[in-house]
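Worksheet: the structure to be examined is printed underneath.
What follows draws every value from the coordinates through simple rules; no lab data is involved. Predicted model, so just to flag it, every value in this text is computed and none were measured. Every residue, glycine as well, gets a Cβ built from its backbone with ideal geometry; the counts of neighbours run over all protein chains shown.
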Amino acid sequence: MTKAPIAVALDAPDLASARQWATQVGPYVSVVKVGLEVFLRDGHESVHVARDASGCDIFLDLKLHDIPATVAGAAHSVATLTPKFLTVHASGGAEMVKAAADALPDTLITAVTVLTSLSQEQLTDMMWSGSAQDIVRRLAAQSVAAGARAIVCSPQEVAAVRSEVGTGIVLITPGVRPAGSDAGDQKRIATPEQALADGADLLVIGRPITGAPDRGQAAREIAESLVGR
């Protein structure tokens, strides 16, 4: 079957588990995601294991956020891993996003707009002005202008962001939950089918797959619901 536009979050407790999970989901998904916790624990080896076991592209989700020079240096430090995607926080500003994009021109620098764990009430408490959708649209537009070639936003904002940035920018949506799944710590969510219909290019899915008794079967079932057999 055709691999689905899914990035499985390999938030595994150790390298052996990460290897097993990547092997199980690799036939059905196009991307595997290595996050901050795993990368800090297992280093570059976590990326090598994820890629070799899955045969998929790598989404290195470090959410870099610092002064531009430091972010550029951090980006250079992972250059040999050749990730397809590397995340930075859009709220770090245009110069920071540009520094990352200049440092890794062959990687899709991916600007994270507003975390899907944040509600509108929490954003207001944090003194952000406007609705979540307005905040996300502003951050997305600024990041793309600075050189980001992918944007992370919740499924609830993806249609608005697509309208803002046009085609050619990869839109990645976490907070994706199959119907009936536990939302966990995610606040702004949607089903995989709805997220794609609204304009997402890549869906980040973690626990509905990695927490399943049979991870490969869970990945296959979600993949088949999106691309067919």
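Classify segment 46-100 as rounded, prolate or oblate, taking a ≥ b ≥ c as the square roots of the eigenvalues of its Cα gyration tensor: rounded when a/c is under 1.5, otherwise prolate if a/b is larger than b/c and oblate if not.
On the way: a/c = 3.16, a/b = 2.26, b/c = 1.39.
Prolate shape, in that a/c is at least 1.5 and a/b is the bigger ratio.
Please arrange TRP21, TRP128 by counting, for each residue, the other beta carbons lying within 10 Å of its beta carbon, fewest first.
Going from sparsest to densest Cβ surroundings: TRP128, TRP21.
Determine, for MET127, MET96, MET1, the number of other Cβ atoms within 10 Å of each Cβ, and report the residues in order from fewest to most. Don't jump to the answer; show the numbers that get you there.
Values: MET127 6, MET96 25, MET1 11.
Lowest count first: MET127, MET1, MET96.
How much length is gained if the chain between GLN217 and THR70 is pulled fully straight, taking 0.36 nm per residue apart and subtracting their Cα-Cα distance, in nm to one decimal? Intermediate values should be presented prior to the final figure.
Working: separation 147, 0.36 × 147 = 52.92 nm, distance 4.13 nm.
Contour length minus Cα-Cα distance gives 48.8 nm.
Tell me what the chain gives for mean residue ellipticity at 222 nm when only DSSP H runs of n ≥ 4 count, each as -39,500 (n - 2.57), the sum divided by the residue total, rounded to 500 deg cm²/dmol.
Values: 11 runs with 101 residues, N = 229.
After summing the helix terms and dividing by residue count, I get -12500 deg cm²/dmol.
Residues in segment 101-128, backbone N under 18 Å from the label point at THR167 (7 Å along the Cα-to-beta-carbon vector): list them, ranges by number please.
So the set is empty, nothing qualifies.
Compute the Cα gyration tensor for the chain, then decide on rounded, prolate or oblate, letting a ≥ b ≥ c be the square roots of its eigenvalues: rounded whenever a/c is under 1.5, prolate when a/b is larger than b/c in the other cases, and oblate in all that remain.
Working: a/c = 1.66, a/b = 1.17, b/c = 1.41.
Because a/c hits 1.5 or more and a/b fails to exceed b/c, the chain counts as oblate.
Report the label-to-label distance for VAL227 and GLU193 in nanometres (one decimal), using points 7 Å from each Cα along the Cα→Cβ vector.
Reported label-point gap for VAL227 and GLU193 is 1.9 nm.
GNM, the chain, Cα, under 10 Å: largest mean-square fluctuation among LEU171, LEU123, LEU62?
LEU123
Tally Lys and Arg at +1 and Asp and Glu at -1 over the other residues with C-beta under 14 Å from the C-beta of GLU95: what net charge comes out?
Numbers: positive: LYS98; negative: ASP66, ASP102.
Result for the local shell: -1.
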